[in-house]
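Worksheet: one structure, shown below.
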Amino acid sequence: MCVPSDHFGLTCVRDVSPDEVLARLSVTDQAPYPLYTPGEAVRRLGFGHENPAARVCQAGQWTFLLDVDAHGLLLQTPVLTRLSVGTEAVSVWNVMDGTTRIGHARGGELLASYDAWRFEPPEGADPSFLNRALTDAGFFLDENWESGEWEPSGAALLLLEREFGLTLSPGTVESPLPTVSLNDLRG
């Protein structure tokens with residue numbers, strides 16, 4: 001997956017068009033959406049907590065929402081469950097201090113959430129899938145956490161590729177993509 005390893009937010013919704021995803025986020029009034037590269041988006045919109053925004057694209061059966069700067073708003077349970085109504089959504093958020101969080105929702109219900117900072121198994125209505133996927137990615141192996149080479153952010157992205165079939169090319173990530181403000185999600 002082509003995102004910075006030290007800070008990112010990535011949310012994906014299966015079998016729902018980008019237009020429908022944006023409607024579920026209640027941001028369609030911002031159309032026509034400006035097209036920004038990652039650098040342009042940060043320069044024009046600022047950093048995540050100042051003006052949270054996302055760039056949107058589609059690859060295969062998934063619509064991707066790429067945080068302009070890792071703000072984590074799309075990982076919030078009410079947002080992730082709204083995105084998952086009638087489908088499935090998964091979100092990974094990583095900030096520079098090493099906190100990696102993952103959420104998985106289906107059919108409007110949060111199945112599992114995981115916070116690597118807490119060192120506890122996933123919680124939710126049905127965490128078994130995410131628990132197995134995290135285990136397979138090395139999250140619960142003491143030797144990984146003690147290793148200076150293993151990073152939860154990289155393992156989380158690997159989990160997205162392996163378990164959900166999510167892939168996004170570097171060319172797509174670096175290209176100008178429709179960009180929306182998510183200020184209304186800050187609540």
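The values are calculated or read from the model by the stated rules, or taken from the named source; none is laboratory data. A quick note: this is a predicted structure, and the numbers were derived from the prediction, not measured. Neighbour counts run over all protein chains shown; Cβ positions are idealised from the backbone, glycine included. Ligands, DNA and RNA are stripped out before the accessible areas are found, and what is left, the full protein with its side chains, is counted by its heavy atoms. Shrake-Rupley method; radii C 1.70, N 1.55, O 1.52, S 1.80 Å.
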(message) Could you list, ordered by first residue, the pairs with Cβ atoms under 8 Å in which the first is in region 158-187 and within 20 Å of Thr77 (Cβ to Cβ) and the second is at pLDDT below 90 and open to solvent by less than 70 Å² (accessible area, probe 1.4 Å), at least 6 apart or interchain?
(response) Leu159/Leu134; Leu159/Ala137; Leu160/Met1; Leu182/His71; Asn183/Asn51
(request) Scan region 109-125 for residues that are modelled with pLDDT of 85 or more, hydrophobic (A, V, I, L, M, F, W, C) and open to solvent by 30 Å² or more (accessible area, probe 1.4 Å) and report the count. (result) 2
(message) Condition (residue is closer than 18 Å to Ser26 by Cβ, hydrophobic (A, V, I, L, M, F, W, C) and surrounded by 22 or more Cβ atoms within 10 Å (Cβ to Cβ)) applied to region 100-108: is it met by at least one residue?
(response) yes
(request) Within region 121-135, track down each residue that is of a type outside the set (Gly, Ala, Ser) and touching a strand residue (DSSP E or B) at 6+ places or on another chain (Cβ under 8 Å). (result) Pro121, Pro122, Glu123, Asp126, Pro127, Phe129, Leu130, Asn131, Leu134
(request) Identify the residue in region 12-30 that is hydroxyl-bearing (Ser, Thr, Tyr) and part of a loop (DSSP other than H, G, I, E, B) and, among all such residues, is farthest from Ser175 (Cα to Cα). (result) Ser26
(request) Hey, can you tell me all the residues within region 36-89 that are at positive phi and over 14 Å from the mean Cα position of the chain (by Cα)? (result) Gly46, Gly60, Gly86
(message) Being within 14 Å of the chain's Cα centre (by Cα) and β-branched (Val, Ile, Thr) is the requirement here; does Val27 meet it?
(response) no
(request) Exactly one condition in (1) surrounded by 23 or more Cβ atoms within 10 Å (Cβ to Cβ); (2) free of Cβ contacts under 8 Å to residues at least 40 places away in the same chain is not met by Pro78; state its number. (result) (1)
(request) Scan region 31-57 for residues that are surrounded by fewer than 17 Cβ atoms within 10 Å (Cβ to Cβ) and either of a type in the set (Phe, Trp, Tyr) or assigned to a helix (DSSP H, G or I) (or both) and report the count. (result) 6
